[in-house]
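So the structure is just underneath, and the comments pick up after that.
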Amino acid sequence: GNSVTQMEGPVTLSEEAFLTINCTYTATGYPSLFWYVQYPGEGLQLLLKATKADDKGSNKGFEATYRKETTSFHLEKGSVQVSDSAVYFCAASRVYTGFQKLVFGTGTRLLVSP
Amino acid sequence: DAGITQSPRHKVTETGTPVTLRCHQTENHRYMYWYRQDPGHGLRLIHYSYGVKDTDKGEVSDGYSVSRSKTEDFLLTLESATSSQTSVYFCAISDTYEQYFGPGTRLTVT
């Protein structure tokens, strides 16, 4: 089955710093890949996704590229804000029609200070 | 925001008691899921449903059962709660690629 490994946190940055959160996956075939974000006290929200190799997902200044050769889907943002402080989860799924069984990484907490 | 509510939002219960958590959606999505979130584990799938009365087990289903008698409701039952089931429980719904998550239920078993 699929598995996802992401970097341990917390990641502590100053406002306007560059962010990278590493994510690698193991899977049979080519899964769809996702980044979810969880703000304090809330459920998860989809941040971005990529469904095939070389796809780039992007949203709210965040980007991630599906790299088949390195089985990676690293999350990046050029200039973080205090409001980006949250826990970020990388996830993979073999997409069945209309149904997905997501496998999540353990999450990486991001703390951004002013 | 997707219309998903979970109840209760917080619960403290004693070991050995039965507990039922409810997930209610107003989106008419076919698929519903129950996850638990624990430090160091991320989210793990407990059970899922692909239609009314159609459910199946996820990776951590032992000690849990589910029921779905209506499209909008998905119930998670702990028949006899144990301390290892202390966790935050999330419901999710989906139709295609995106899963939408509820706000979570924090369950403490003492």
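Report whether or not B:Arg106 is out of contact with any helix residue (DSSP H, G or I) (no Cβ under 7 Å at 6 or more places or on another chain), within 13 Å of chain A (Cβ to nearest Cβ) and over 27 Å from A:Ala50 (Cα atoms).
When the stated conditions are applied, B:Arg106 passes them.
Scan the stretch B:60-89 for residues that are in a loop (DSSP other than H, G, I, E, B) and more than 26 Å from B:Val12 (Cβ to Cβ) and jot them down.
B:Thr71, B:Glu72
Across the stretch B:90-106, which residue is farthest from the chain's Cα centre (by Cα) among those that are farther than 21 Å from A:Val95 by Cα and not in a loop (DSSP other than H, G, I, E, B)?
B:Arg106
Would you point out the residue of the stretch A:87-107, among those that are within 21 Å of A:Glu42 (Cβ to Cβ) and surrounded by fewer than 21 Cβ atoms within 10 Å (Cβ to Cβ), that is farthest from the other protein chains (Cβ to nearest Cβ)?
A:Val87
Determine if the stretch A:93-110 includes at least one residue that is farther than 20 Å from B:Ser94 by Cα and either over 13 Å from the mean Cα position of the chain (by Cα) or among the charged types (D, E, K, R) (or both).
yes
Suppose the filter is among the hydrophobic types (A, V, I, L, M, F, W, C) and over 29 Å from B:Arg36 (Cβ atoms); does A:Val80 pass it? If you could, list the steps in order and put the result at the bottom.
Numbers: among the hydrophobic types (A, V, I, L, M, F, W, C): yes; over 29 Å from B:Arg36 (Cβ atoms): yes.
Spelling it out, A:Val80 is indeed among the hydrophobic types (A, V, I, L, M, F, W, C) and over 29 Å from B:Arg36 (Cβ atoms).
Quick one: which of A:Val80, A:Val37, A:Val11 is of a type in the set (A, V, I, L, M), buried (at least 19 other Cβ atoms within 10 Å of the Cβ) and away from chain B (no Cβ under 14 Å)?
On the way: A:Val37 fails: away from chain B (no Cβ under 14 Å); A:Val11 fails: buried (at least 19 other Cβ atoms within 10 Å of the Cβ).
Result: A:Val80 is the single residue among A:Val80, A:Val37, A:Val11 that is of a type in the set (A, V, I, L, M), buried (at least 19 other Cβ atoms within 10 Å of the Cβ) and away from chain B (no Cβ under 14 Å).
Got at least one residue in the stretch B:52-70 being under 19 Å from B:Thr5 (Cα atoms), hydroxyl-bearing (Ser, Thr, Tyr), loosely packed, with under 14 Cβ neighbours inside 10 Å and more than 13 Å from every other protein chain (Cβ to nearest Cβ)?
Taking the stretch B:52-70 as the starting set, the residues that turn out to be under 19 Å from B:Thr5 (Cα atoms) are B:52, B:66-70.
Then keep just the ones that are hydroxyl-bearing (Ser, Thr, Tyr); that gives B:67, B:69.
From what's left, loosely packed, with under 14 Cβ neighbours inside 10 Å: B:69.
Then drop every residue that is not more than 13 Å from every other protein chain (Cβ to nearest Cβ), which leaves B:69.
Yes - at least one qualifying residue is present in the stretch B:52-70.
With A:Lys101, A:Lys60, A:Lys56 as the choices, which residue is of a type in the set (Lys, Arg), in contact with a strand residue (DSSP E or B) (Cβ under 8 Å, 6 or more places away or on another chain) and modelled with pLDDT under 95? So that I can check it myself, show each step before the final result.
Working: A:Lys60 fails: modelled with pLDDT under 95; A:Lys56 fails: modelled with pLDDT under 95.
Within the list A:Lys101, A:Lys60, A:Lys56, the selection yields A:Lys101.
Of the residues that sit in the stretch B:77-98 and are at the interface with chain A (Cβ under 10 Å from one of its Cβ atoms) and more than 13 Å from A:Gln38 (Cβ to Cβ), which one is modelled with the highest pLDDT?
B:Cys91
The values are calculated or read from the model by the stated rules, or taken from the named source; none is laboratory data. For clarity, every value in this text was computed on a predicted model and none was experimentally measured. Neighbour counts run over all protein chains shown; Cβ positions are idealised from the backbone, glycine included.
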